[in-house]
Amino acid sequence: MTTPETNETLGVPKAEFLQSVRQALGREDVPPAEPYPRLTETQAELEDQAAQIRRRLEENLPALLDKLAEMAALGGWKVHRASGVEEAIGYIESVARESGATNIVRSAQDVFDQVPVDAALTNLGLKVTTVLRDEANTREALREEIRQAGIGITGADYALAETGSLIILPRRGLSRLVSLVPPVHIALVRPEEVLESLDDLFLLRRLEYHQRGGEMGSYLNFITGPSRTADIEMTIVEGVHGPKEVHMVILG
Amino acid sequence: MPEIKTEQFFAASAAAMKNPKLRRALDRVGSGFDVARISAIDEVTPEVWEQWRQQGRDIKVHTIEHLDYYLDLLYTNVTAAGGQLHFANDASQANEIVAHIARTRNVKVATKSKSMVSEELELNPVLEAIGVEVWETDLGEYIIQLAKETPSHLVAPALHKSKEDVAELFTEKLGIPYDEDIFHMAATARTVLRDKFMEADLGISGANFVVAETGTLVIITNEGNGRLCTSAPRIHIGITGMEKVIPSMQDLAVFLRLLPRSATGQRITSYVSMITGPRRSDDEDGPEEFHLVLVDNGRSRMLADPALREALNCIRCGACLNICPVYQRIGGHAYGWVYPGPIGAVVSPMLIGLKQAKELPQASSLCGACREVCPVKIDIPRMLLDLRHKSAESPDKSQRSAKAAERTVARLYAMLMSSPRLLRLAVRCGRFLQKAERFIPFFSPLSKDGKWIKNAPLPPLSKWTRSRDLPTLPKQTFHEVWQKELSRDDS
Ligand code: SF4
């Protein structure tokens, strides 16, 4: 592996480029006369708004769960609302059986402590691999496991009622590929992960960014239904590069 | 830059209109995308939609007016997240940046997700020339890459191809048996490209938005190829125009409501991916390097012209193409360059020069449909008129769309209309000729009821009536009616 030189200047130096933009605009090098309101919000203000969001979510939780289920179904998810852990596991077993998968990969998120799927799936004779790097499991080895898998199972970081989307923040224990490469994806959503709107989501993300001193992790993904294309004669085909079949199991 | 064929606009559009296969494909745009767009708007109510449009527009206008400031902020935050931001003045500089990264990192295979800007820059041949295998992975882009063609729509690049075309192409290029089942063809592409994703050293993506506040690149896709391109290879390069920056992550809320609904009528696309820097050290996967290349390539010319600046607000949803009566008849390729349709007719002359693209602003009936559907309320007809004006008044003859004869006619017309005496005289002459035509046997230029001139005998009128009818002169002009009757009340 080559070690890239860091911060090499390619192309035009920043100062020069910005100067030509300024010249085109006929502007001096000054910030906007009226600062952009969202960019002047302090962490305390964001915390305040986040607390309001949390209160609103708590008050409306049952309605929000209904809305999430409705919008997710419209977005192409097969939605299953499980009243308890047993039922959730039972549903996952039935999806596994029907898919004909022999290998399953899953992320290492704490929802699996609550919903222990491994034992149930192993009992069905399936191979279950947790995608978490360690001495024995290198990135390359895990990637191969993911490629072989018929099903990928993940938890949620958030779920958006407005759009019926699952939101995941890939990081240690949550591979980018587990929800993407296998033809079937099952997502477990807990009630406390539900948000009402896009505005809620971005506010919480910005708050975390502030709280962690300008760090928000490398990736965020919205997933809403199966992978789709309509590039040939505008006919919708599901499962072109990502999963063809996606299940959202809502615990509650 | 890709071959520029804007100068053949008239010939190309005439040919396109005679192509029945293309007509069928274009019908699907109206019945597919536009119908879906309308019902998505009805669902949220037109009132709410209008509020979102205004919010989206306000954010864009503010950002473009302070573009230097937000680019600087973006630079700071991309760098803070461990990424690298590179600026390029033009296509060759941008391509060289990507080629340099590919060379120094020993890149053999690159996968690309859809990027109109990379089409604009014509990046692929540059990478291929240094020995990099480049794979377009969006199904539509993959099809046109195999066919060695260019996109014909901002959102659905291979719209002009029928399933039979694609089946033949796959047979020829991939050596598989002919199979025109659309589902099977999509599955073939999945299999072929899946291997490439896993092999690729470099993933190249475009960007729908880049967020200055956090240094985040945002891509909005349906297929999942964008996710693979930004997750599987060891290097990710995002390439886009400098106008794609927005101030705050919070601003994404409104754009994620506007863009999918306007583009395909979806409430949201299957995937929205937000990338902030390379993978962190303990991440399970993701690229080790993240680069963002922002290009000017003629955009500062738009920026410098207050009349055309708002073209930079475009979020490339394609809604103005789907609704445009001209695009619906001629399709994307007739426009002769990467950006088709009403917005292309504004953007192309600014990016490649009015001289080569002077015919494009003429390709509009100025009906205003594009302005009405635009999710960020861009006034395209106003800009088309401005470009027509610039073309007509240009001291440089090569920028003028009108031929000498047309200019003379326009000048005569102006003279006539600004002199009541001349106009009266002309009307009298015209009436005389209209009466006289009755005595010409066989070839009457008039319609049966005498209300329309169908085939004027002499140029320049004969040119006009080749594709349109001209109303005949009435027995009494409004002016005459006014003089005789209406003005009496005043006296
Ligand atoms: S001009 Fe408006 S309608 Fe046309 S592509 Fe751009 S954003 Fe969409």
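In this simple spin-label model, placing a label point 7 Å from the Cα along the Cα-to-Cβ direction at both B:Asp282 and B:Lys484 gives a separation of 9.4 nm. Projecting the Cα atoms of B:Pro395, B:Ile143, B:Gln55 onto the charge dipole of chain B, computed from C-beta unit charges around the Cα centre, puts B:Pro395 farthest toward the positive end.
Averaged over its residues, the protein assembly as shown has an accessible area of 42 Å² per residue, based on protein heavy atoms and a 1.4 Å probe.
For the residue pairs B:Lys148/B:Lys196; A:Lys14/B:Lys355; B:Lys114/B:Lys148, the alpha carbons lie more than 23 Å apart in A:Lys14/B:Lys355. Only beta bridges with both residues in chain B are counted; by DSSP, about 30 percent of them are antiparallel.
Considering only B:Phe209, B:Gly344, B:Ser118, the residue lying farthest towards the positive end of the dipole of chain B is B:Gly344, judged by Cα position with unit charges set on Cβ. Partnerless cysteines in chain B, where a partner means another cysteine C-beta under 4.7 angstrom, comprise B:Cys229, B:Cys314, B:Cys317, B:Cys324, B:Cys367, B:Cys374, B:Cys429.
What net charge do the residues around A:Pro62 carry, taking every other residue with its C-beta under 14 Å from that of A:Pro62, with Lys and Arg at +1 and Asp and Glu at -1? Its environment carries a net charge of -3.
Backbone phi angles across segment B:158-168, fed through the Karplus curve with coefficients 6.51, -1.76 and 1.60 (θ = phi - 60°), yield HN-Hα couplings of 9, 3, 6, 9, 7, 5, 5, 4, 5, 4, 4 Hz in residue order; Gly and Pro are listed as x. Here the 3J(HN,Hα) profile of segment B:18-24, calculated from phi with Karplus coefficients 6.51, -1.76 and 1.60 at θ = phi - 60°, is 8, 9, x, 5, 5, 4, 5 Hz, Gly and Pro shown as x.
Note on chain A: with a GNM built from Cα contacts shorter than 10 Å, the maximum mean-square fluctuation among A:His80, A:His185, A:His241 falls on A:His241. The share of accessible area on the protein assembly as shown that comes from carbon and sulfur is 54 percent, using a 1.4 angstrom probe.
Arrange the residues B:Trp482, B:Trp52, B:Trp135 by how much accessible surface each exposes, largest first, with a 1.4 angstrom probe.
B:Trp482, B:Trp135, B:Trp52
When peptides B:450-456, B:170-176 are sorted by average Cβ neighbour count within 10 Å, with the highest value leading, the order is B:450-456, B:170-176. DSSP finds beta bridges in the protein assembly as shown, and of those with both partners inside it, around 35 percent are antiparallel.
Each Lys and Arg adds +1 at its Cβ and each Asp and Glu adds -1 at its Cβ; summed about the Cα centre, segment B:223-332 shows a dipole of about 540 debye. Chain B contacts chain A over a buried accessible area of about 8400 Å², both sides summed; the probe is 1.4 Å and only protein chains count.
With Cβ to Cβ distances under 12 Å as the rule, what net charge do the other residues near B:Pro278 carry (K, R +1; D, E -1)?
Details: positive: B:Arg234, B:Arg279, B:Arg280; negative: B:Asp283, B:Asp285, B:Glu288, B:Glu289.
Charge balance near B:Pro278 sits at -1.
Candidates B:Ala36, B:Ala12, B:Ile323 compared by Cα position along the dipole of chain B: farthest toward the positive end lies B:Ala12, with charges placed on Cβ.
Please compute the average number of Cβ atoms from other chains found within 10 Å of each residue's Cβ in peptide B:247-258.
5
Counting Cβ atoms of other protein chains within 10 Å of each Cβ in B:285-298 and taking the mean gives 3. A helix-only calculation puts chain B at -14500 deg cm²/dmol for mean residue ellipticity at 222 nm, using -39500 (n - 2.57) for each DSSP H run of at least four residues, averaged over all residues. Using a probe of 1.4 Å on the protein chains alone, the accessible area found for A:Ile151 is around 0 Å². Pairs of alpha-carbon atoms within less than 8 angstrom and 6+ residues apart define the contacts here; what relative contact order does chain B have, in percent? For chain B, the relative contact order is 19 percent. The dipole here belongs to segment A:14-251: it is taken about the Cα centre, uses +1 on the Cβ of Lys and Arg and -1 on the Cβ of Asp and Glu, and is about 580 debye. Remark: segment B:6-300 carries a charge dipole of roughly 420 debye about the Cα centre, counting +1 on each Lys and Arg Cβ and -1 on each Asp and Glu Cβ. Loop-located trypsin sites (Lys or Arg not before Pro) across segment B:364-438 with a Cβ neighbour count of 12 or fewer within 10 Å are B:Lys403, with loop assigned by DSSP. Shielding value for B:180-192 is 4, the average number of Cβ atoms from other chains within 10 Å of each residue's Cβ. Dividing the summed -39500 (n - 2.57) terms of all DSSP H runs of n ≥ 4 by the residue count of chain A sets its mean residue ellipticity at 222 nm at -11500 deg cm²/dmol.
Which trypsin sites (Lys or Arg not before Pro) in segment A:165-241 pass both tests, a DSSP loop state and at most 10 other beta-carbon atoms within 10 Å?
The qualifying sites are A:Arg212.
Shape index of chain B: Rg/Rh, with Rg the Cα radius of gyration and Rh the Kirkwood radius from the inverse mean 1/r over Cα pairs, equals 1.05.
Can you give the % of DSSP beta bridges in segment A:183-252 that are antiparallel, to the nearest 5?
Working: 2 of 8 bridges.
Bridges in segment A:183-252 that DSSP calls antiparallel: roughly 25 percent.
The values are calculated or read from the model by the stated rules, or taken from the named source; none is laboratory data. As the structure is a prediction and not an experimental result, all values here were calculated from the model. Cβ: placed from backbone, ideal geometry, glycine included. Neighbour counts: every protein chain shown. Just so you know, the surface numbers come from the protein's heavy atoms only, side chains and all, with ligands and any DNA or RNA stripped out. Shrake-Rupley method; radii C 1.70, N 1.55, O 1.52, S 1.80 Å.
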